[in-house]
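Below is one structure, written out as structure tokens; the observations come after it.
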Amino acid sequence: MGEFFTLLRRGNRSALTAGIVNSVIAIIKAIAYVLTGNVAMFAEMMHTLGDAANQFFVFIGSALSKKAPTKRFPNGFGRLVNLVLLGAILFVGIMAYETIHEGIAHIIEPTESTGFWITLSVLFVGVVLESGVFVKAMQEIAHDTKLDSKGPRLILDSFRSLKQAKPATRLVFLEDLVATAGGVVAMIAVIISHVTPFHQAEGIASILIGLMMFYVVGNVFLQNAAGALGEADETMAARLGGLIMKDPDVKDISKLEVIKEGDHFHVEVEIEVDPTLTIAQADDIKDRLELQIRLQQGIIDVTIGFDEDDKIQQYIVATDET
């Protein structure tokens, strides 16, 4: 039990923050829905409730994935976060279905909601709080990908670097992007329903929010299914290739594989060297390269092999490699 709580301290903080904030928002929206019967509020309540539960699962999964390798699982538990996320999105999928179902029912039999100002105020507070978590997720992406962006540039760079972020951070980012957009859609629908006789607007908003939730489900499923299988990471491979080729004793790289498991990377590389080198010299090269590779964030396993230089250059370092 002590190890469990120790691992929790290493869980994804964006997911924990998002889970706590969304739990508070879900309670507020649930109370508002009971008081007003607003369908758009119901959709937002279900969405926020799904996000909260999902993000707590993500936090626990990301923490447990940090567990050290054991004899039974020598490769570690890096893929555990992907498996947890695959399970967590099922919950979001169920919430999305219920949200769309309720929206369709309201379109077929529209009813006028009460408590306009209560609904609008709660949705506005929700959008503000979700926006704060969304910004936190952007900052986490910047941290994961070593960006120093700030202000408006952080928004653009976050979208561009989303694929390189940790799986848990990606999920929080997408969920809060949809949550913020969904809150705005719900506010617009509530205003339309209040000032016009078009009460079906709330049902349409509910369906739109449900469809956005399904987008998150599909996106996260594809990303984490690949992660659970063990996905090659070309970005990290390119970075390591440039680093390895800078070593004066490395003539070429005949093989370089970087497999991503959760937040961790496994590296296997075969380098070509001068065939006249002694075993002691080759061992020094191995130790030197392994140290440099392990300094890169997330790399937990490095295997380095040697081959004699065939005088044919196979590995070409990208021109933009730093």
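With helices as the sole contributors, the chain gives -22500 deg cm²/dmol at 222 nm; each DSSP H run of n ≥ 4 counts as -39500 (n - 2.57), and the sum is divided by every residue. Classify the stretch 79-124: rounded, prolate or oblate, from the alpha-carbon gyration tensor (a ≥ b ≥ c, eigenvalue square roots; a/c under 1.5 rounded; otherwise prolate if a/b is larger than b/c)? Judged from the Cα gyration tensor, the stretch 79-124 comes out oblate (a/c at least 1.5, b/c at or above a/b). Counting only protein chain heavy atoms and rolling a 1.4 Å probe, the accessible areas of F159, F42 rank, largest first, as F159, F42. Contact order, relative form, for the stretch 111-224: 30 percent (alpha carbon pairs under 8 Å, 6 or more residues apart, mean separation divided by residue count). From the coordinates of this entry, Kirkwood radius over Cα pairs in Å is computed, and it appears in [x] 20.3; [y] 21.9; [z] 20.8 under the label [y].
Compute the relative contact order of the stretch 170-212 as a whole-number percentage, counting only Cα pairs closer than 8 Å that sit 6 or more residues apart in sequence.
Relative contact order here is 38 percent.
Rounded to the nearest 0.05, the FRET efficiency derived from the C-beta distance between L154 and N219 at R0 = 30 Å is 0.90. For the stretch 131-213, just say rounded, prolate or oblate: build the C-alpha gyration tensor, square-root its eigenvalues into a ≥ b ≥ c, call rounded for a/c under 1.5, and beyond that prolate if a/b exceeds b/c, oblate if not. Prolate shape, in that a/c is at least 1.5 and a/b is the bigger ratio.
Compared with the alpha-carbon gap, the fully stretched path from I312 to F198 is longer by 33.8 nm at 0.36 nm per residue. Between W117 and V24, the FRET efficiency estimated from the beta carbon spacing at R0 = 25 angstrom works out to 0.75. Gain on full extension, evaluated as 0.36 nm per residue between L256 and Q164 minus their Cα-Cα distance, stands at 31.2 nm. Taking only protein heavy atoms and a 1.4 Å probe, the accessible area of the stretch 235-282 is 55% carbon and sulfur.
With a 1.4 Å probe and every protein chain kept in, tell me what percent of the accessible surface of the stretch 78-146 is carbon plus sulfur. It would help to have the intermediate numbers written out before the result.
On the way: 2380 of 3420 Å².
C and S atoms contribute 70 percent here.
Excluding ligands, DNA and RNA, the accessible surface per residue across the stretch 24-166 is 51 Å² with a 1.4 Å probe.
What's the FRET efficiency of A105 with R9 using the Cβ-Cβ distance as r and R₀ = 30 Å, to the nearest 0.05?
After rounding to 0.05, the efficiency reads 0.10.
Classified by the C-alpha gyration tensor, the stretch 264-322 has an oblate form. Its axis ratio a/c, with a ≥ b ≥ c, is 1.5 or above, and a/b does not exceed b/c.
The values are calculated or read from the model by the stated rules, or taken from the named source; none is laboratory data. Values in this document were obtained by computation on a predicted structure and should not be read as measured data. Here the Cβ is made from the backbone with ideal geometry for all residues, glycine too, and neighbour counts use every protein chain on show. Please note that ligands, DNA and RNA were not included when accessible areas were found on the heavy atoms of the full protein model with its side chains. Shrake-Rupley method; radii C 1.70, N 1.55, O 1.52, S 1.80 Å.
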